[in-house]
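Derivation of every value follows stated rules applied to the coordinates shown; laboratory data play no part. For clarity, every value in this text was computed on a predicted model and none was experimentally measured. Neighbour counts run over all protein chains shown; Cβ positions are idealised from the backbone, glycine included.
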Amino acid sequence: MRRLLLGAIIPVLLLGAWEISSRTGLLTLESLSRPSDILVAGYAALTDGSLLLATVQTCETALLGLMMAAVFGIVLGAVLGLLPTAERIAGPTIEALRPIPAIAFMPLALMVFGFGVGLEASIVAYACVWPILIVTIAAVRAIEGRLLEVAAVLELPVWKKMVKIVLPAAFARINVGLRVAAAISLVVAVTVEIVLNPRGLGYRLILAEQALEIGLMWAQLVWLCLLGYVLNLLLSRVGRGSAAIWRPL
Amino acid sequence: MRRLFDPIALASLVFAFSLLLAWQLFADAHLISPIFFPSPLHTLAVLEHRLADGSLWLPLAATSLRMTFGWLLASVIGIVLGAAIGSSRVARDLLDPILEFIRPLPASAVIPVAILFLGLSNAMSVAVIAFGAIWPVLLASVHGFSSVPPELANVSQVLGFGRADYLRKIAFPSALPDIVAGLRVSLAIALILAVVTEMQSSLPGLGWDIFSAQRLYRSADLYAGLVMLALLGFGANHMIMLLESRVLRWRNVRT
């Protein structure tokens, strides 16, 4: 209770001072808008559906990119994790590609895909593949040797060994990489929209700024905060839940 | 050092070069579009030419400066805030909720706000970089300052240190390994945001260089810019690792 009260002090004071100073004319900065106007603009954008549509556009593209990264990262990571020699041979190439910011590939992706989902999802996928790949390699490497011996004794074909032994045993750790990647996917999707891609929340945000709809801009910023906050909360919940499923292993 | 010749290292080099060679052959045979994927040799020639005539050095310097200033700003604010939150319950209760709420916000989303206040300027870029790069160093220093070993805190009590002396002489050195680790992550984010703001706001730098190369369909220039960016990221990371081993030398001596 004490923490809740203390935590509310700064936001309440700031918002109050902001509202009062802009109403009394102390603060004449146009670009600050005021909390009540932001609420009104946010309510309007929520009820006419435009904000929700943009949210869906951003989230579905982020999810698509994340899924592409997950498939590619887990498959390649499992193979490299099982074959240490191959991993050491491919390692330097991977390490050379990894530090290039995904965003830097945006112009290239624009040439290849044009504006739209493909451009955005491919950038998200590039950004998300690294944590998944690295974690999967480590997770598969850490599987207990006896489990792999079981697979060898049963003479399981490669794909069965993957599905029945390797992936379940490594899943709890891979999950960590997926959660990191999920947080990255939203950030990258919004960034691509802000810089380049004319769709989704990021684009609407920059559009509101350029049209000087300041209240709407702030409202969308707050909305993005909420979205990120909920995503993080969700990810930590899901993480705990799904890790528990595999713990018996 | 055990062997002069490591077959795996050689194989990894051969692997990387054979990828490039395949690319080169495909491009020469026009199996992949040279507009999207110019041959590596072509890119190398452009890179060499632009390094020689100096037209790549300026963007490189601009991006490095932007990244460094934004990162330094983030570091100072992050360490100070982190020290406050990490060493005082009241500061933590006051600041934690609002910071936790802002933290998930994609840093690039503050670009519109920053443009409103600062215009399409270097100050805008530095502010956005600082906003995005502050989180790793802030979280790391909160952790570092809040997990000072109790024996060390006792020592400062016995010596009769005041709060400032405790923070400066005991807590800060104890938190330093955490802080440096956070600084490293922050630097990587700073580079990304430098590129993002350059692309968004047409500020001169590697990000803008790559962007305009695409607009002119000069894809070899685009790849040359990418290579420079990768080198910059690699070099920055290396610098901070060097700094890490310098600053934390006392630690290695003891263990």
Most fluctuating residue of A:W18, A:W159, A:W130 in a GNM of chain A with Cα springs under 10 Å: which is it? A:W159
Eigenvalues of the Cα gyration tensor times 5, then square-rooted: what semi-axes does that give for the protein assembly as shown, in whole angstrom, largest first? 38, 32, 26
Work out how much length B:I35 to B:I77 would gain on full extension: take 0.36 nm times their residue separation and subtract the Cα-Cα distance, in nm to one decimal. 10.7 nm
If you wrap a convex hull around the alpha carbons of segment A:98-249, what volume per residue comes out, as a whole number of Å³? 121
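With r as the distance between the Cβ atoms of A:T93 and B:R89 and R0 = 45 Å, compute the FRET efficiency 1/(1 + (r/R0)^6) and round to 0.05.
0.40
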How would you order A:195-206, B:10-21 from highest to lowest mean count of nearby Cβ atoms within 10 Å? A:195-206, B:10-21
Give the longest segment of chain A that steers clear of GluC sites (Glu not before Pro) in DSSP loops with at most 12 neighbouring Cβ atoms within 10 Å, not counting the sites themselves. A:1-143
Work out, step by step, the length gained on full extension between B:I8 and B:L231: first 0.36 nm times the residue separation, then minus their alpha carbon distance; give nm to one decimal. 77.9 nm
Enter the Cα centre distance for the pair segment B:78-111 and segment A:104-171, rounded to the nearest angstrom. 34
Estimated vicinal HN-Hα couplings, Hz - segment A:123-132 in sequence order (Karplus 6.51, -1.76, 1.60; Gly, Pro = x): 5, 4, 4, 4, 5, 7, 5, 5, x, 5
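Beyond 24 Å, how much of the Cα-Cα pair distribution for chain B remains, as a whole percent?
Details: 19662 of 32385 pairs.
Beyond 24 Å sits 61 percent of the P(r) for chain B.
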Between B:E100 and B:S147, 0.36 nm times their residue separation minus their Cα-Cα distance comes to what? 15.0 nm
Say a site is exposed when it is one of the trypsin sites (Lys or Arg not before Pro), sits in a DSSP loop, and has at most 10 other Cβ atoms within 10 Å; what is then the longest site-free stretch of chain B? B:4-255
Label 7 Å along Cα→Cβ of A:S236; segment B:95-119 residues with amide nitrogen under 18 Å? B:95-106
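Rank these for me by crowding, B:H30, B:H42, going from fewest to most other beta carbons within 10 Å.
B:H30, B:H42
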What does segment B:169-255 give for Rg and for Dmax, in Å, if only its C-alpha atoms count? 17.8, 57
